[in-house]
Amino acid sequence: MPDLPHNPVPRLTNEIASFHAHVYYDPATTRSEAERLRRWIDERFFVTLGRWHNVKVGPHDQAMFQIAFASEVFPALVPWLMLNHGSLSILVHPNTTNPRRDHLADPLWIGPPLAVHGEKLPEEAPMEQAPPPNTMFAAPATGKEPRFPQLTMDRLDEKQKPLGEQIAKVSSIGIAGPYNPMLRSPVLGQRLFDLFYYLRWQTSVPTRLNEFAILIIGRQWRSQVEWYAHAPLAAKAGLSPDIIGELKASKRPSNMAEDESVVYDFVTELTTTQKVSDETYARAKKVFNDQQIVDLTAVAGNYVMVAMLLAMAEETVPPGKERPFKVGEK
Ligand code: ZN
């Protein structure tokens, strides 16, 4: 019977701190193909793209650039690379404490395998954690097509155009975010826009409290777009950075004025227990009139609907902007 390799127990995948994919190209013939692939990756995945190495570097036998990524990105990115590598060879390897073994014994190749000069690599090195992504934007890290491709003003049809023009005048994110799916149903979209307009600029609730209510909903829904768009508006309206920071960390803010604590408790009770207790209602009556209580309830409900549209359409923050809530954060 042949000897089994000396491996008394299986290795655990928690040895793997992160992954690299090395995309090889020939500067004379396939650089433009590599550029296109890099751009596609940049638009689709949470990864760190290394710089272009037009000459051989380290153990690598060809010009290449590196993609560094977290293990969570592997199931989306690697199959996508299998389908989209074109004529390029890609080496995907884990990062453990043994770079030589990572590159030589344990990698996988997409496309034709190339030489790797393992003698240039150490057998013992600190594990490389996934670096912070330099491309924290674009589609979620799923590699799939957007459900609602982003509309642009020049692509709006006659029914969408009047609404698109009104939105463009007041929106910090143009016709992206909730407006992108809303424009697909222009009559509904117009009525929602009119409602948003009231709730943003005509409501009886003071802006600081109105924006606080919107952020409470944005946090509950972990809505990247709502938080991205409204946290600056709340700060500008005078809500303290501490309150915004604690809310973002899913805490009941510790230093709220009475009207702020009423808004927090009123909106949180209503959305999490589906009622408002007599005690909280009595507190609300001391700081708000009836119209304000109705407007406060409506703004909270409206932003639940907005969060639903955003979640359904898988909308995210504009290109190049950081997402407020990170992957894996609750
Ligand atoms: Zn590497």
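Values quoted throughout were computed directly from the atomic coordinates according to the rules given, and no laboratory measurement underlies them. In this text, all values refer to a predicted model and were calculated from it rather than measured experimentally. Cβ sites come from the backbone with ideal geometry, for glycine too, and all protein chains shown count toward neighbours.
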When ranked by the protection proxy of mean other Cβ atoms within 10 Å per residue, highest first, what sequence do the peptides 159-166, 294-301 form?
294-301, 159-166
Between 0 and 90°, nearest 10: helix 161-170 axis offset from the chain longest Cα axis:
90
With the Cα gyration tensor of the chain in hand, convert its eigenvalues to equivalent ellipsoid semi-axes via √(5λ) and list them largest first in whole Å.
49, 25, 15
Suppose every Lys and Arg Cβ carries +1 and every Asp and Glu Cβ carries -1, with no other charges. What dipole size does the range 165-296 come out with about its Cα centre, to the nearest 20 debye?
360
For the chain, with +1 on Lys and Arg beta carbons and -1 on Asp and Glu, the positive-most of 271, 282, 176 along the dipole:
176
Helix-only CD estimate at 222 nm, as mean residue ellipticity for the chain, using -39500 (n - 2.57) per DSSP H run (n ≥ 4):
-13500 deg cm²/dmol
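Quick one: of 236/285; 159/275; 159/321; 236/326, which pairs are farther than 32 Å apart, Cα to Cα? If you can, show how the numbers build up before the last one.
Numbers: 236/285 26 Å; 159/275 40 Å; 159/321 30 Å; 236/326 24 Å.
Table pairs above 32 Å Cα-Cα are 159/275.
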Furthest towards positive pole of dipole, 298, 25, 240, structure part the chain, Cβ charges
298
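Subtracting the Cα-Cα distance from 0.36 nm times the residue separation, let me have the gained length for residue 291 to residue 57 in nm, one decimal.
Here the segment from residue 291 to residue 57 would lengthen by 77.4 nm.
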Once both axes come from the Cα atoms, what is the angle between helix 224-236 and the longest principal axis of the chain, in degrees from 0 to 90, rounded to 10?
50
Give, rounded to the nearest 20 debye, the magnitude of the charge dipole that the chain has about its Cα centre when Lys and Arg contribute +1 at Cβ and Asp and Glu contribute -1 at Cβ.
520
Among 231, 71, 129, the residue whose Cα sits farthest towards the positive end of the charge dipole of the chain (+1 at Cβ of Lys and Arg, -1 at Cβ of Asp and Glu, taken about the Cα centre) is 231
Could you sort 103-109, 16-22 so that the peptide with the highest average Cβ count within 10 Å comes first and the rest follow in order?
16-22, 103-109
